[in-house]
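Read the structure below first, then the notes.
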Amino acid sequence: MANFIKLLPDHVANQIAAGEVVQRPASVVKELLENALDAGASSIKVIVKDAGKTLIQVIDDGQGMSETDARLSFERHATSKIKEANDLFALRTKGFRGEALASIAAVAQVELKTRTSDDDLGTCIHIAGSEIKSQEPVAAVKGTSVAVKNLFFNIPARRNFLKSQSVELRHIIDEFHRVALAHPEVVFALYHNEGELFNLPVGNLRQRIVAIFGAKTNEKLVPVQEETEIVTINGFVFKPQFAKKTRGEQFFFVNGRFIKSPYLNHAVANAFDGLLQERSRASYFLYLEVDPQTIDINIHPTKTEIKFEDEHALYALLRAAIKHSLGQFSVAPVLDFDRDATLDTPYDYKNKAPQQPKVEVDRDFNPFERVTPNTGGTPRYEKSSAAGWQELYAGMQPKSSTSGFSSVSYEEEAPNTEALFKGKDSSSEHLESEYGTSTYQLHRKYIVSTIKSGMVIIDQHRAHERVLYEELMMRMTGSDTVSQQLLFPLSLSFSRPEMEHLKAMKGVLEQTGFIFGELHEESVEIIGVPTTLSEAEVPQVIEQLLDDVDQDVPDPQVAHQELVARSLAKSMAVRAGERLEGGQQEHLVNRLFACQDPAWSPGNKKTFVTMSVGDLEKLFN
């Protein structure tokens, strides 16, 4: 019988292994930044071109490598971090598997320059597709420079799966943030296409957060600090009033390493229970220090997931620490049963001497009106008659009305069907009722309406989303933009990357009805909004829009228009759980069936389903 199992060639095995570590340009940035930190760098510079597709270069001033180490660093499982299996449970470094450079060199063209402080000359190595092209001595500064060019040049299919430049750059910035936030003692700089995005000096944790996310962030932070035998917790959480409807800034670090943990995230959400509005999410920057022997970070190739030895105790401690901080800084109400607030001395009387109270007594007061003689010789005191009690209320009787109206009635306002759904009404032949009303709202989520063949059940949120989407697309392609001027300009604060996205979409947003004032590095001024949008909804809509920018974007020619229309429609559409009056229901149904594609929402989900009379009869058989 023939043998079918064969050993893969090294270059194929390296490409397969690279798929676990190098998923996109941001993965390369993460691995190179972690290597620079493990080398003891105090200053790290990241240079990116075309969102990492053309060039990713990381320059550090760390200890550098010798000629032999430089050559050996590109071999798989070559590492200086561990020597035996037990070392995996005492890790303090970022990398330890020895796969980063080998995986990167398997799918890109790499140039490495490095020099130690003991060497006069450095080493330069060129590698393409795991094949070493050259190695020669060069003049170089102390440290290491790794330039990764033409990522996935030998795997065109992987390169075609990369997203647009804006999306890939956003992922690179996210990885840069995660590393920079964990090490405020290191200088970081990020450049894209010869433009500076970040230049972060050395500082404390609060300064590093403010430097990345803007000066307005400083007033939002509430410090969290707790030290126990199990874990030491430091960091900050956002005040509840600054919670976002979108994901927001949520960062967990364990022993200086960024991790993702839905379990710990639930602990934070539990600590904010009762303090956040519906569908709002808390933002936080939390740093946990634990014994390396109590965690396992070798369960995922990207090392972003950690297994804890006692996660239940960690959950309780984290929740308690956040609750304590929110109460300590008067962010959340606190009940202290050991102190009676009514016994507190006011500040105005704290230094005054006590005074003896004085009571004035009217000694001439006689509660009895007269004294009458008694037959027994004892005077008898009588109370005055209570018959004149009505005189106490003299002049206070209600006067008769001279207006001639015996009662006043108020005319009930008709439900304002145009407040929520504005636009030109259109007739529809789909609605045909035998009774008084043609629509009925079910569980404040669905609209049920009769049709000739049976009935139709409509998802009110998806239906309104489709209506708004087509209206917004029509506005963008037309010239009749309608806006409402705000009485006072609305100022919103964002991070610098978010402001870059907002500036790129400024023209498209203006076509939908937004009017912008001044645009600064970390804030924007809005002086006009679309007529279908209230001023209170503007921050949530803009935040949702910026969050949607992180997702995949199609053809750049139509990307911004479709993305903005889809995001605005999703944010502005009526939600499940909102009550609609009869007129509003009919208006929404009529507008839905007047759309070009009423059956599907902008997210390609069904807006309605129909049931014929035959389908209903089958249910009773």
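Once the piece of chain linking Glu535 and Leu487 is laid out straight, how much longer is it, given 0.36 nm per residue of separation minus the C-alpha distance between them?
Details: separation 48, 0.36 × 48 = 17.28 nm, distance 1.00 nm.
Gain on extension, Glu535 to Leu487, equals 16.3 nm.
With K and R counted +1 and D and E -1, the other residues having a Cβ less than 12 Å from that of Gly577 yield a net charge of +3. Accessible surface for region 199-304, divided over its residues, is 46 Å² per residue with a 1.4 Å probe. Net charge around Ala565, counting only other residues with Cβ within less than 14 Å of its Cβ (Lys, Arg = +1; Asp, Glu = -1)? Once all neighbours under 14 Å are counted, the net charge is -3. Using R0 = 45 Å, the C-beta based FRET efficiency linking Asp547 and Ser453 works out to 0.65.
Report note on the peptides 257-268, 565-576: ranked by the mean count of other C-beta atoms within 10 Å, highest first, their order is 565-576, 257-268.
Which FRET efficiency value, to the nearest 0.05, do you get for Glu309 and Asp273 by plugging their Cβ-Cβ distance into 1/(1 + (r/R0)^6) with R0 = 22 Å? It comes out at approximately 0.25. At full extension, Ala157 and Gln225 could sit 19.7 nm farther apart than now, given 0.36 nm per residue minus the alpha carbon distance. Other residues within the sphere of radius under 15 Å centred on the Cβ of Gly195, judged by their own Cβ, net out at -1 (K and R +1, D and E -1).
Report the full-extension gain for the segment Asp118 to Lys49: residue separation times 0.36 nm, less the Cα-Cα distance, to one decimal in nm. All intermediate terms of the calculation are to be shown ahead of the outcome.
Numbers: separation 69, 0.36 × 69 = 24.84 nm, distance 3.30 nm.
Stretched fully, the Asp118-Lys49 segment lengthens by 21.5 nm.
Note on Met611 and Arg444: with the Förster distance fixed at 25 Å, the Cβ-Cβ geometry gives a FRET efficiency of about 0.75. Across region 112-234, counting alpha-carbon atoms alone, Rg and Dmax equal 19.9, 53 Å. Each semi-axis of the equivalent ellipsoid for region 431-548 is √(5λ) with λ an eigenvalue of the Cα gyration tensor; in descending order they amount to 37, 15, 13 Å.
The values are calculated or read from the model by the stated rules, or taken from the named source; none is laboratory data. Note that the structure is a prediction, hence the values are computed from the model and not measured. Neighbour counts run over all protein chains shown; Cβ positions are idealised from the backbone, glycine included. When the accessible area is computed, the model is the full protein with side chains, heavy atoms only, and any ligands, DNA or RNA have been set aside. Shrake-Rupley method; radii C 1.70, N 1.55, O 1.52, S 1.80 Å.
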